[in-house]
1. From the list Ala234, Ala255, pick out the single residue that is more than 23 Å from Ile87 (Cβ to Cβ), small (Gly, Ala, Ser), at pLDDT 95 or above and not in a loop (DSSP other than H, G, I, E, B).
2. Could you please give the count of residues in the stretch 217-241 that are closer than 13 Å to Val169 by Cα, out of contact with any helix residue (DSSP H, G or I) (no Cβ under 7 Å at 6 or more places or on another chain) and not polar (S, T, N, Q)?
3. Considering each residue of the stretch 185-240, count those that are buried (at least 21 other Cβ atoms within 10 Å of the Cβ), free of Cβ contacts under 8 Å to residues at least 40 places away in the same chain and under 23 Å from Phe140 (Cβ atoms), and give that number.
4. How many of the residues making up the stretch 28-37 are farther than 15 Å from Val113 by Cα and either surrounded by 20 or more Cβ atoms within 10 Å (Cβ to Cβ) or free of Cβ contacts under 8 Å to residues at least 24 places away in the same chain (or both)?
5. When residues of the stretch 38-85 are filtered for being out of contact with any helix residue (DSSP H, G or I) (no Cβ under 9 Å at 6 or more places or on another chain), surrounded by 16 or more Cβ atoms within 10 Å (Cβ to Cβ) and more than 30 Å from Ala211 (Cα to Cα), how many remain?
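The values are calculated or read from the model by the stated rules, or taken from the named source; none is laboratory data. Since the structure is predicted, the reported quantities are computational estimates derived from the model, not experimental observations. Neighbour counts run over all protein chains shown; Cβ positions are idealised from the backbone, glycine included.
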Amino acid sequence: MGIDFPNPVGLAAGLDKHAEHVDALARLGFGFLELGGVTPRPQPGNPRPRLFRLPEARAIINRYGLNSVGVDAFVENLKQARSKAVIGVNIGKNKDTPNERAADDYERCMEAVYPLAHYVSINVSSPNTPGLRELQSAQFLTDLLSRLTRKRSLLRERHGRHVALVLKVSPDLDDAALRDLAEAARRERIDAIAATNTTVSREDVQGLRHADEAGGLSGAPLFQRSTRVLHTLASLLKGEIPLIGVGGIMSGADAHAKFAAGASLVQVYSGLVYRGPRLISECVAAHEA
């Protein structure tokens, strides 16, 4: 990705959606922070309640719906940070932007955050924005990535710095869809793939309180599903594109399994909620072991 990471353990997108807590989060020992997702225009997200804990399963369901202060306010917040942390910014489209014009939203966000980010993560996999996952289909994805790589070339010339592009994918894709996605990422020379976002599956939490709530499931029940996608992508790409393993890491052993499945970096969010900051050093140690 052309980035020197202090360590390979990062914060996943969704915890600091508005870039309000960069300095505090950086002090916890992360090697990098992924902020957002952020949308071009402010939007409130879905009605509350929209976040549910399933403690028996060490899981979380969220249906935030890409609530965002908008990219302009997000950038102003990020400018206030004093930390020199490696920063990724997760970008998405506004809910009311049709998919045919989605690339305009992604370009707008990328242009705004480009001077402040080390990488930009293209979120086409959140289950909480209607129609967003359709952008993972072969034709939509090829067109979107082509637009963004062309835009990135212009921004690189304008700012005199390279910002990596990361594609964040769903854990609910079948092998055929993953082959199409890997080929599109290879063809458009995407710098990395983050596997994965949250799942709409409830296979491992049936019968638990809140299990029937709509939204994306994260935490321990996501681990096997996201690691399968990670391993499949590693087999398809054979080291051509770095992979970021995210989804269900609750221990150093889980992080080790992600590295073994082909990840160069890992990210945590739900595990941090259930385990606290000790999880970060555990995961760093798992990589060094």
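1. Ala234
2. The qualifying residues number 2.
3. 1
4. Number satisfying all stated conditions: 3.
5. So the count comes out to 1.
Every residue, every condition in (1) at pLDDT 95 or above; (2) within 22 Å of the chain's Cα centre (by Cα); (3) farther than 20 Å from Ala12 by Cβ, yes or no:
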| residue | (1), (2), (3) |
| --- | --- |
| Val166 | yes, yes, no |
| Val169 | yes, yes, no |
| Asp175 | yes, yes, yes |
| Ala182 | yes, yes, yes |
| Asp191 | yes, yes, no |
| Val200 | yes, yes, no |
| Val205 | yes, no, no |
| Ala211 | yes, no, yes |
| Gly216 | yes, yes, no |
